[in-house]
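Taken together, the values in this text are just the output of simple stated rules run on the coordinates, not laboratory data. Treat the numbers as computed from the prediction; the structure is a model and nothing was measured. Note that we place each Cβ from the backbone using ideal geometry, even for glycine, and neighbour counts take in every protein chain shown.
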Amino acid sequence: MNIFRLTGDLAHLIAIIILLHKIWKSRSCAGISGKSQVLFALVYTTRYLDLVTSYVSIYNTFMKFVFLATSYATIYLIYVKFKATYDHNHDTFRIEFLILPSLALALLINHYFNFLEVLWTFSIYLESVAILPQLFMVSKTGEAESITSHYLFALGSYRALYILNWIYRYATEGHYDLIAIVAGVVQTVLYCDFFYLYITKVLKGKKLQLPA
Amino acid sequence: DVRDELHDEL
């Protein structure tokens with residue numbers, strides 16, 4: 001554990017709290033892509049199957065439980081409790097175009113070819129693109145509420161901080177995982193355009209609005 | 001266990 005990973009995990013946790021709090025307080029999931037949230041639930045489910053097979057630390061176990069529980073809670077809020085506010089007309093990204101290639105790639109490029117490992121690899125690949133339905137939704141409506149922008153910024157920062165963690169770990173322990181690194185870089189690059197808009201607009205008190 | 005060493009992150 002180093003400061004980069006810890007702040008990365010905290011950014012991830014903060015993103016989830018921002019999202020749940022926004023939906024709960026406003027009693028609405030307007031502007032939130034249910035499809036991205038379904039993909040994240042799939043990511044955590046396939047990655048954290050190792051909860052029952054391997055133990056790393058109480059911290060890891062606790063965080064895995066939190067990520068799993070909150071991802072399903074988010075889906076419940078979007079698709080059940082506040083279903084009427086779900087903006088499904090703008091949430092039209094075809095998620096099979098992300099799930100199937102991620103699965104195919106996981107079957108081809110992995111560290112070991114066994115069930116748990118392929119699912120772990122699938123979760124890494126899928127996570128790198130899971131935000132696309134949400135970004136697609138923002139681009140389709142041309143704007144995002146500030147709170148949604150804060151959520152996206154925290155969520156994007158998390159993997160960017162993990163990249164610093166991986167550089168640090170390589171320098172200090174010689175540890176590296178190419179699959180996670182390449183996917184993490186792809187994931188962070190996907191947020192770059194958003195990061196630019198966030199820094200130039202949202203932080204200056206303006207609404208995140210895309211140029212027409 | 002090799003797997004533990006590989007995936008000790010979240």
Can you find a residue that is under 11 Å from the mean Cα position of the chain (by Cα), buried (at least 20 other Cβ atoms within 10 Å of the Cβ), part of a helix (DSSP H, G or I) and away from every other protein chain (no Cβ under 14 Å) anywhere in segment A:159-177?
no
What number goes with the only condition from (1) away from chain B (no Cβ under 14 Å); (2) touching a residue at least 12 places away in the same chain (Cβ under 8 Å) that A:Phe122 does not pass?
(1)
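Quick check on my filter: what residues within segment A:139-150 are assigned to a helix (DSSP H, G or I) and either touching a Leu at 6+ places or on another chain (Cβ under 6 Å) or surrounded by fewer than 21 Cβ atoms within 10 Å (Cβ to Cβ) (or both)? Give the derivation first.
As a first pass, look at segment A:139-150 and keep what is assigned to a helix (DSSP H, G or I): A:139-141, A:146-150.
Listed by number, the residues that qualify are A:Ser139, A:Lys140, A:Thr141, A:Ser146, A:Ile147, A:Ser149, A:His150.
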Unmet requirement for A:Glu96, which otherwise passes all of (1) within 26 Å of A:Glu143 (Cβ to Cβ); (2) of a type in the set (D, E, K, R); (3) surrounded by fewer than 20 Cβ atoms within 10 Å (Cβ to Cβ)
(1)
With the first residue restricted to segment A:147-158 and required to be within 13 Å of A:Leu10 (Cα to Cα), and the second required to be among the small types (Gly, Ala, Ser) and surrounded by 22 or more Cβ atoms within 10 Å (Cβ to Cβ), Cβ contacts under 6 Å at 6 or more apart or on different chains are A:Tyr158/A:Gly8
Find all pairs meeting these conditions: Cβ atoms under 6 angstrom apart; at least six residues apart or on different chains; first residue within segment A:45-58 and within 11 Å of another protein chain (Cβ to nearest Cβ); second residue in a loop (DSSP other than H, G, I, E, B) and surrounded by 14 or more Cβ atoms within 10 Å (Cβ to Cβ).
A:Val56/B:Asp8
Just to be sure I understand the filter: pairs with C-beta atoms under 7 Å, separated by 6 or more residues or on different chains, first member in segment A:93-117 and in contact (Cβ under 8 Å) with a residue 12 or more places away in the chain, second member among the charged types (D, E, K, R). Which pairs pass?
A:Phe93/A:Lys35; A:Ile95/A:Lys35; A:Asn110/A:Glu117; A:His111/A:Glu117; A:Leu116/A:Asp50
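For the structure I just gave you, tell me whether A:Phe153 is under 17 Å from A:Phe40 (Cβ atoms), within 12 Å of the chain's Cα centre (by Cα), assigned to a helix (DSSP H, G or I) and more than 14 Å from chain B (Cβ to nearest Cβ). Outline the logic, then answer.
Working: under 17 Å from A:Phe40 (Cβ atoms): yes; within 12 Å of the chain's Cα centre (by Cα): yes; assigned to a helix (DSSP H, G or I): yes; more than 14 Å from chain B (Cβ to nearest Cβ): yes.
Spelling it out, A:Phe153 is indeed under 17 Å from A:Phe40 (Cβ atoms), within 12 Å of the chain's Cα centre (by Cα), assigned to a helix (DSSP H, G or I) and more than 14 Å from chain B (Cβ to nearest Cβ).
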